[in-house]
Structures are given as C-alpha cells and as structure tokens.
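Chemist: Take this structure first; my questions come after.
The values are calculated or read from the model by the stated rules, or taken from the named source; none is laboratory data. Worth saying up front: this structure is predicted, and the values here are computed from it rather than measured. Calculation scope for accessible area: heavy atoms of the full protein, side chains included, ligands and nucleic acids excluded. Shrake-Rupley method; radii C 1.70, N 1.55, O 1.52, S 1.80 Å.
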Amino acid sequence: MTKLLQWLLGVSLVLAAWAVVSFDLLDLRLSHTYREVAWPMPLYLLVSFGCYSLATVGYRLTTFNDCEEAAAELQEQIREAREDLRSKGLKM
C-alpha cells in the first residue's frame, strides 16, 4: 500500500467517524455536547496539522547541514568559468 493510500484511508476513517458523530447517522442518541465538540473538529485538526508542518519545516531549517567542501568547489568552478569567459573576450 502506498503512502498516499495510507493517508487517504486514515483521513476517510476520521471523516467517517466525524460524520457519524456530527450528523448522528447511526442513530446513536449521543448527547448534544458530543455534537458541539465534534462539529469544529476538522478545523482543529487542520490547524494542528499546519502547526506541526511549520514546526517541522522550522526544525529542518535550523538543523540543515552546511556543505563547506561543496561551497568551496562551486566557488572554484565559478572562478574558472569567469577566467574562461574573459579569455574568450567576454567583459564582466
């Protein structure tokens, strides 16, 4: 099962449970309090997912490794390219 199918299955199960509680589809005779709590739950989950995503991106940015060797190699290649272009008559 692909990751997409796993996510779709999870979201559909949560959505089905939310619909059963919010709209009382199975006639469970739940109190009105359960419906009041369940009704805004998708919004709470969306906000929670957004906060988690922002925290994950922030963490990954702060722990991003610098590649000093690659940066030095790239600077050397840029210098060589400029020298080559100057030798061919391009003025920078």
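Chemist: Give the carbon-plus-sulfur fraction of the accessible surface of the chain in %, rounded to a whole number; probe 1.4 Å, heavy atoms of protein chains only.
Modeler: Answer for the chain is 67 percent, counting heavy atoms of protein chains only.
Chemist: Moving to a separate point now. Calculate, in nm to one decimal, what Leu15 and Glu68 gain on full extension: separation in residues at 0.36 nm each, minus their alpha carbon distance.
Modeler: Working it through step by step, the gained length comes to 14.3 nm.
Chemist: Let me check something: with ligands and nucleic acids excluded, how do Asp27, Asp84, Asp66 order by accessible area (1.4 Å probe), largest to smallest?
Modeler: I get Asp66, Asp27, Asp84, largest accessible area first.
Chemist: Based on Cα coordinates alone, diagonalise the gyration tensor for segment 29-78, multiply each eigenvalue by 5, take square roots, and list the semi-axes in whole Å, largest first.
Modeler: Taking √(5λ) for each eigenvalue gives 50, 8, 5 Å, largest first.
Chemist: Val11 accessible area, nearest 10 Å², 1.4 Å probe?
Modeler: Here the residue's solvent-accessible area equals roughly 90 Å².
Chemist: Counting C-alpha atoms alone, how compact is segment 1-68: give Rg to one decimal and Dmax as a whole number, in angstrom.
Modeler: Computed over the Cα atoms of segment 1-68, radius of gyration and Dmax are 18.0, 64 Å.
Chemist: If ligands, DNA and RNA are left out, what is the accessible area of Trp18 with a 1.4 Å probe, given in Å² to the nearest 10?
Modeler: My reading of the accessible area for Trp18 is about 50 Å².
Chemist: Quick one: length gained pulling Gln6 to Glu80 fully straight, 0.36 nm per residue minus the C-alpha distance?
Modeler: Length difference between fully extended and current span is 21.7 nm.
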